[in-house]
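First up is the structure itself, then whatever we jot down about it.
The values are calculated or read from the model by the stated rules, or taken from the named source; none is laboratory data. The structure presented is a predicted model; accordingly, all values stated were derived computationally and were not measured. Note that we place each Cβ from the backbone using ideal geometry, even for glycine, and neighbour counts take in every protein chain shown. What goes into the accessible areas is simple: the full protein's heavy atoms, side chains included, and nothing from ligands, DNA or RNA. Shrake-Rupley method; radii C 1.70, N 1.55, O 1.52, S 1.80 Å.
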Amino acid sequence: MSQSHAATRLRTVLAHLGGPRAKAVLAHPISKSISSANVHPQQFQYTLDNNVLSLEQRKFYEENGFLVIKNLVSSADIQRFQNEFEKICRQEVKPPGLNIMRDVAISKSEYDPRNENMVYKIQHFQEDKELFRYCTLPELLKYVECFTGPNILAMHTMVINKPPDSGKKSSRHPLHQDLHYFPFRPIDRIVCAWTAMEHIDRNNGGLCVIPGTHKGPLQPHDYPQWEGGVNIMFHGIQNFKDYDARVHIELEKGDTVFFHPLLIHGSGRNQTKGFRKAISCHFTCADSYYIDVKGTTQENIEKELKGIITEGYELDDSITLKDIWKFQARLVKGERTNL
Ligand SMILES: O=C(O)CCC(=O)C(=O)O
């Protein structure tokens, strides 16, 4: 690639990520292809025709595998999600199926889930009406539909409360592809919506992505060998080397990133004293289908996930993961045609 071509591509991604913030991204140079140029409309594979995205936004997602929509979720809604998160931590509400994860740096003996500062993440909040409103917000679904089509299921939900790093670097989330966790297809009809609940940048452990990696294969994942310990379920791509290709996304409260399930992403350590919050949901098309992951690289996570979900619902071991996904999937728009 010529230098001027690379510079054009870099400008495209920086422009997408916002004028003044370009500085933050530029501090971490990009070596991969991140342009919105050279995509012919007929070659759209990752986005659908529904006139919501501009041509430029479509091309950007097609080429890079993610798209930032500024100021999408209101501060009032974010405050409500924050309040509910705190209520859950205080155990004033106990939605069935919810999984509460602590940071590995907190020893079991000192862990108290009622203290929100000890909770790294809550997952599977589909039974919590207040938090689940996030997955039904019309302003969010309008964009989700560009990737999933009109029949939309919410599959996997999270509030992430990334703690200040303890010094062990355990607040990091290793680079990974979300598809590793999902036994449903087609791949291109799955999308993650990830909304910043406050200002997020590299300093407080913001999201970083490797643009264009959604075009590659699903890679084998497992726990990284980190000296300071790794949080449960934080599988990463084995032997990942291309760290220079990371783009650190800077967001304001309410800004939302939509990204493809093969996009390699993760987040760094939180170097501030505050807890970095984001809310997210993975959506898929209701016409999708389940696959059997036995014999694939996803077999390791299936086993682990099954243990966690059956525990959350107090189910016995005879239940299959397919049943569990089916059970926790919630229709948020259109018709439940399959899945
Ligand atoms: O919010 C973060 O730190 C990253 C979350 C993430 O990538 C995940 O949970 O899959």
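Looking at the stretch 38-333, the accessible area is 41 square angstrom per residue; that uses a 1.4 Å probe and ignores ligands, DNA and RNA. The listed residues Ser288, Ser74, once ranked by accessible area (1.4 Å probe) with the largest placed first, stand as Ser74, Ser288. Each other residue within a Cβ distance under 14 Å of His235 adds +1 if Lys or Arg and -1 if Asp or Glu, for a net charge of -3.
Indicate the gyration tensor shape class of the stretch 190-295 (rounded, prolate or oblate), computed on the Cα atoms with a ≥ b ≥ c the square roots of the eigenvalues: a/c under 1.5 is rounded; otherwise a/b larger than b/c is prolate and the rest oblate. It is oblate, given that a/c is not under 1.5 and a/b is not larger than b/c. Could you pull out which residues in the stretch 235-257 have an amide N less than 14 Å from a spot 7 Å beyond the Cα of Gln271, following the Cα-Cβ vector? Only 248 fall inside the zone, counting backbone N under 14 Å.
Over 29 Å between C-alpha atoms is what I'm after, so list which of Lys169/Lys241; Lys273/Lys322; Lys142/Lys294; Lys215/Lys241; Lys70/Lys306; Lys121/Lys333 land there.
In this structure, Lys273/Lys322; Lys142/Lys294; Lys70/Lys306 exceed 29 Å between Cα atoms.
For the stretch 38-333, a/c is less than 1.5, where a ≥ b ≥ c are the root eigenvalues of the C-alpha gyration tensor. That puts it in the rounded class.
Spatially, the stretch 158-180 and the stretch 59-110 are offset by 13 Å when compared through their Cα centroids.
Of the listed residues Thr47, Thr320, the order by accessible area with a 1.4 Å probe, largest first, is Thr320, Thr47. Sorting Tyr143, Tyr223 on solvent-accessible area from highest to lowest, probe radius 1.4 Å, gives Tyr223, Tyr143. For the listed peptides 201-208, 59-66, 273-280, a ranking on the average number of other beta carbons within 10 Å per residue, highest first, reads 59-66, 201-208, 273-280.
Solvent-accessible area of Ile319, all protein chains in place: 50 Å² (probe radius 1.4 Å, heavy atoms, ligands and nucleic acids excluded).
Annotation: extensible slack from Val52 through Glu116 equals 19.3 nm (criterion: 0.36 nm per residue apart, minus Cα-Cα distance).
Taking a straight line from the alpha carbon of Lys168, these aspartates and glutamates sit under 18 Å away, with near neighbours fewer than eight places off in the same chain left out: Asp103, Glu110, Glu227. Enter the accessible area of Leu53 (Å², nearest 10), with the probe set to 1.4 Å and all protein chains included. Spelled out: Leu53, probe radius 1.4 Å, area about 20 Å². What does a probe at Thr337 reach in the stretch 141-162, counting residues whose amide N is under 15 Å from the point 7 Å along Cα→Cβ? Answer for the stretch 141-162: 145-153. Distance from the alpha carbon centroid of the stretch 266-339 to that of the stretch 202-249 works out to 19 angstrom.
Under 18 Å from a label point set 7 Å out along the Cα-to-Cβ vector of Glu252, the amide N atoms of the stretch 61-93 belong to 68-79.
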